[in-house]
1. On full extension of the chain, what length is gained from Thr26 through Ile81, given 0.36 nm per residue of separation minus the C-alpha to C-alpha distance?
2. Test of understanding: what is the full-extension gain from His18 to Thr57, defined as 0.36 nm times their sequence separation minus their Cα-Cα distance?
3. Give the relative contact order (percent, whole number) for region 2-85; include only Cα pairs under 8 Å separated by 6+ residues.
4. In nm, to one decimal, how far is the Glu42 label point from the Thr91 one, both placed 7 Å along Cα→Cβ?
5. State whether the chain is rounded, prolate or oblate according to the following rule on the C-alpha gyration tensor (a ≥ b ≥ c being the square roots of its eigenvalues): a/c under 1.5 gives rounded; otherwise a/b larger than b/c gives prolate, and the remaining case gives oblate.
Amino acid sequence: MAFMASMDDPKLSTDLQHLLWTAGATPVHLLLRVTAISDQAEAAIEAAGFQIQRKLTLVPVFAVTGPVAGVLDLLDLPWLINADLDRPVHTH
């Protein structure tokens with residue numbers, strides 16, 4: 001079953017894999033680490049149902065919001081390095 005194999009992809013964080021199993025249609029905030037920020041990557045991300053919130057260039061990352069299951073459409077693309085949940089950062 002391709003869907004199950006995709007959900008175990010090493011490009012997905014463990015937390016994101018769990019969320020896919022429990023709530024595939026839930027909108028989430030993700031960080032998509034890519035090889036480079038490009039128009040091609042931006043178009044594919046938007047086609048997968050995500051809205052791009054920020055583009056970070058020092059370490060190429062798209063901060064996106066959209067349906068968690070949409071990340072499965074991006075897994076086979078060579079420029080996607082990994083995907084993880086975008087969480088708040090707390091300082092002490």
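Since every read-out is calculated from the coordinates, none of them should be taken as a lab result. Treat the numbers as computed from the prediction; the structure is a model and nothing was measured. Cβ coordinates were reconstructed from backbone atoms using ideal geometry, including for glycine residues, and neighbour counts include every protein chain displayed.
1. Details: separation 55, 0.36 × 55 = 19.80 nm, distance 2.25 nm.
So the chain would gain 17.6 nm between Thr26 and Ile81.
2. Stretched fully, the His18-Thr57 segment lengthens by 11.2 nm.
3. It rounds to 43 percent for region 2-85.
4. Inter-label distance under the simple model: 3.0 nm.
5. Numbers: a/c = 1.55, a/b = 1.15, b/c = 1.35.
It is oblate, given that a/c is not under 1.5 and a/b is not larger than b/c.
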